[in-house]
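The values are calculated or read from the model by the stated rules, or taken from the named source; none is laboratory data. Quantities reported herein were computed from a predicted structural model and do not represent experimental measurements. Every residue, glycine as well, gets a Cβ built from its backbone with ideal geometry; the counts of neighbours run over all protein chains shown. Note: accessible area is taken over every heavy atom of the protein model, side chains too, but ligands, DNA and RNA are not part of it. Shrake-Rupley method; radii C 1.70, N 1.55, O 1.52, S 1.80 Å.
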Amino acid sequence: MIPLLDLTVQYRDLKPEIDAAMQSAAAEGRYILGPNVKAFEGEVAAKYECAHGIGVGNGTDALHLALRALNIGPGDEVITSPFTFIATTEAISIVGARPVFADIAPDTLNLDPRDVAARITPQTKAILPVHIYGHPCEMEPIMELAAQHDLRIIEDCAQAIGARWHGKAVGSWGDVGCFSFFPSKNLGCFGDGGMCLANDQAISERLEMLRRHGGRVKYYHEEIGLNSRLDELQAAILRVKLPHLDDWTNARRAIAARYRAAFEDNSAIRLVAQREGADAVYHQFTILVDDRDGVQTRLKDAGVQTMVYYPVPLHLQTVHADLGYQRGDFPVAEEAAARCLSLPMYPELTLEDQNRVIECVRAALV
Ligand SMILES: *Cc1c(COP(=O)(O)O)cnc(C)c1O
């Protein structure tokens with residue numbers, strides 16, 4: 001079976017360095033917000049041109065804490081995409097705000113700025129674009145809407161570390177950029193991990209306070225916070241991996257280019273568009289096809305693992321029934337959810353396996 005991804009290869013390739021980093025963090029004994037977390041925060045912030053990095057427990061908490069740090073809560077509306085992982089709206093709901101969906105663009109599957117504009121009300125406090133599959137959102141129109149209506153921008157960069165739109169890194173456009181180091185993300189650790197990037201000093205200080213029980217000084221608490229810190233051990237691992245991320249991203253791009261070349265003239269396959277100015281990082285390579293479930297079954301029988309990210313758009317999830325949305329409200333997201341299929345994609349996927357995936361996809365379309 002050609003797997004969707006193989007997390008063991010990177011550890012095998014970097015084993016001596018990763019083992020040494022874990023051992024030295026263990027010997028150092030500063031397990032909470034220790035030297036590796038501090039260094040890694042600086043390294044990520046510098047790499048993606050932000051003033052501050054705040055390491056947190058996971059990507060979901062990064063979103064949650066970002067909303068808290070921007071004072072978004074009960075009575076507020078946050079506009080986001082229905083075509084994303086549940087964590088995006090979970091964070092909005094956890095702080096007591098209301099997720100308001102706007103439809104996605106049919107070519108990029110990212111939030112459609114024109115539909116966002118139509119959903120703004122006096123209660124709207126923020127826009128939360130999601131750079132889905134590692135494709136950067138078109139940021140200028142979103143920034144413009146935010147400026148016009150005095151809204152905050154929180155970027156969900158969980159799938160898009162290193163992606164750029166018009167040369168500017170995702171996560172550096174909005175007020176806070178939220179990242180995940182979940183093992184399967186493009187930069188993954190050996191458990192849960194996350195980070196917020198911010199340029200504003202006050203927002204950064206607030207995030208630091210919120211991740212450690214709402215206090216600046218130990219045992220002096222100013223507000224209700226969370227216990228959500230990036231682990232020292234995970235940071236030690238991530239520091240070994242970070243210098244390799246650009247190479248891994250380039251390997252993903254090369255695979256994507258081969259898939260694209262193989263499929264772009266195939267009228268049975270719709271590809272996610274590469275807009276001019278988008279430097280995608282291909283967290284997933286996703287195709288849109290008719291009879292998606294049939295194609296998936298035939299690929300499985302042929303020995304190719306695929307995945308559906310995500311089968312149910314968020315406005316139709318049971319958990320969000322109280323928001324009052326119905327089937328038909330976001331037709332583009334619904335169509336994408338019905339047709340999307342993600343193909344094997346990870347930096348170490350061999351040329352032979354790539355060719356086999358291409359062959360099997362063609363055969364599965366009949
Ligand atoms: C993975 C993911 C998250 C959540 O990250 P965790 O670290 O798993 O909490 C949020 N949003 C999107 C789009 C994701 O893919």
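Over the stretch 6-120, give the accessible area per residue in Å² for a 1.4 Å probe, as an integer. Let's see the in-between values first.
Details: 4530 Å² over 115 residues.
Roughly 39 Å² per residue, with all protein chains present.
Give the long-range amide H neighbours of V170: residues separated by 5 or more places, or on another chain, with amide H under 5 Å away, using H modelled in the peptide plane at 1.01 Å from N.
Distant-sequence amide H within range of V170: G162, A163, R164, W165.
Given the options T108, T121, T89, state which has the largest fluctuation in a GNM of the chain using a 10 Å cut-off (strictly under) for Cα springs.
It is T121.
Give me, ordered by chain and number, the residues 5 or more places off R229 or on other chains with an amide H under 5 Å from its own placed amide H.
G57
Enumerate the calculated ³J(HN,Hα) couplings along the stretch 354-363 in order (Karplus 6.51 cos²θ - 1.76 cosθ + 1.60, θ = phi - 60°), each rounded to whole Hz, writing x wherever the residue is Gly or Pro.
With coefficients 6.51, -1.76 and 1.60, one gets 4, 5, 5, 4, 4, 4, 5, 4, 4, 5 Hz.
Counting C-alpha atoms alone, how compact is the stretch 266-366: give Rg to one decimal and Dmax as a whole number, in angstrom.
15.4, 48
For the charge dipole of the stretch 3-99, defined by +1 on Lys and Arg C-beta atoms and -1 on Asp and Glu C-beta atoms about the Cα centroid, which residue among V44, G96, V78 has the Cα displaced farthest towards the positive pole?
Most positive-ward Cα: G96.
Roughly how many debye, to the nearest 20, is the charge dipole of the stretch 269-364 about its Cα centre, given +1 on each Lys and Arg Cβ, -1 on each Asp and Glu Cβ, and no other charges? The partial results should precede the final answer.
Numbers: 9 positive and 14 negative charges, 32 e Å.
With Lys and Arg at +1 and Asp and Glu at -1, about 160 debye.
Taking DSSP loops as anything outside H, G, I, E and B, show the longest stretch in the chain free of chymotrypsin sites (Phe, Trp or Tyr not before Pro) there with at most 14 other beta carbons within 10 Å. Present the calculation step by step, with values, prior to reporting the outcome.
Numbers: sites that count: Y31, Y219.
It runs 32-218.
From the backbone phi of the stretch 55-70, what are the Karplus-calculated ³J(HN,Hα) couplings (6.51 cos²θ - 1.76 cosθ + 1.60, θ = phi - 60°) in whole Hz, Gly and Pro given as x?
After applying 6.51 cos²θ - 1.76 cosθ + 1.60, I find x, 10, x, 5, x, 5, 5, 4, 5, 4, 5, 4, 4, 4, 5, 9 Hz.
Please list T8, T60, T318 from largest to smallest accessible area, probe radius 1.4 Å, with all protein chains kept in place. Write down the numbers at each step before the final one.
On the way: T8 80, T60 40, T318 120 Å².
These residues rank, largest area first, as T318, T8, T60.
What per residue convex hull volume, in Å³, comes out for the chain when only alpha-carbon positions are used? Don't jump to the answer; show the numbers that get you there.
Details: hull volume 48.2 nm³, N = 366.
Expressed per residue, the convex hull around the Cα atoms of the chain is 132 Å³.
Apply the Karplus parameterisation 6.51 cos²θ - 1.76 cosθ + 1.60, with θ equal to phi minus 60°, to every residue of the stretch 40-45 and state each ³J(HN,Hα) to the nearest whole Hz, in sequence, with x for glycine and proline.
5, 4, x, 5, 5, 4
Assuming a strict under-18 Å limit between Cα atoms, what lysine pair count do you get for the chain once near-sequence pairs (fewer than 8 apart, same chain) are dropped? Let's see the in-between values first.
Values: K15/K241; K38/K47; K38/K218; K38/K241; K47/K168; K47/K185; K47/K241; K185/K241.
Total qualifying Lys-Lys pairs in the chain comes to 8.
Let me have the relative contact order for the chain, percent, based on Cα pairs under 8 Å that are six or more residues apart. Could the numbers behind the result be given before it?
Working: 751 pairs, mean separation 79.9, N = 366.
Relative contact order of the chain: 22 percent.
For the stretch 62-191, with the dipole built from +1 on Lys and Arg beta-carbon atoms and -1 on Asp and Glu ones, taken about the Cα centre, which of F179, G134, A118 lies farthest toward the positive end?
F179
For a test of the definition: using alpha carbon positions, the gyration tensor, and the 1.5 limit on a/c, classify the stretch 224-294 as rounded, prolate or oblate. If you can, show how the numbers build up before the last one.
Values: a/c = 2.92, a/b = 1.93, b/c = 1.52.
Since a/c reaches 1.5 and a/b is larger than b/c, the shape of the stretch 224-294 is classed as prolate.
So, for the stretch 323-366, what is the accessible surface per residue at a probe of 1.4 Å, expressed in square angstrom? Each step should come with its number before you reach the end.
Details: 2040 Å² over 44 residues.
So the stretch 323-366 comes to 46 Å² accessible per residue, rounded to a whole number.
What are the GluC sites (Glu not before Pro) within the stretch 215-286 that DSSP puts in a loop, where the Cβ has at most 14 other Cβ atoms within 10 Å?
Passing sites in the stretch 215-286 are E222, E223, E264, E276.
So what's the gap between the Cα centers of the stretch 51-81 and the stretch 131-169, to the nearest angstrom?
The stretch 51-81 and the stretch 131-169 have Cα centres separated by 15 Å.
How would the stretch 56-107 be classified by its alpha-carbon gyration tensor: rounded, prolate or oblate, with rounded meaning a/c under 1.5 and the a/b versus b/c comparison settling the rest?
Working: a/c = 2.45, a/b = 1.37, b/c = 1.78.
Note, shape of the stretch 56-107 comes out oblate.
Apply the Kirkwood formula to the stretch 180-318: the hydrodynamic radius equals the inverse of the mean of 1/r over all pairs of different alpha-carbon atoms; give it in Å with one decimal.
With all distinct Cα pairs of the stretch 180-318 included, I get 19.0 Å.
Springs between alpha-carbon pairs under 10 angstrom, Gaussian network model over the chain: which of I142, I18, I224 fluctuates most?
It is I224.
About the Cα centre of the chain, what is the dipole size in debye to 20, counting +1 per Lys and Arg Cβ and -1 per Asp and Glu Cβ, all else neutral? Mind dumping the intermediate values first?
Details: 35 positive and 49 negative charges, 100 e Å.
Dipole of the chain, to the nearest 20 debye: 480 debye.
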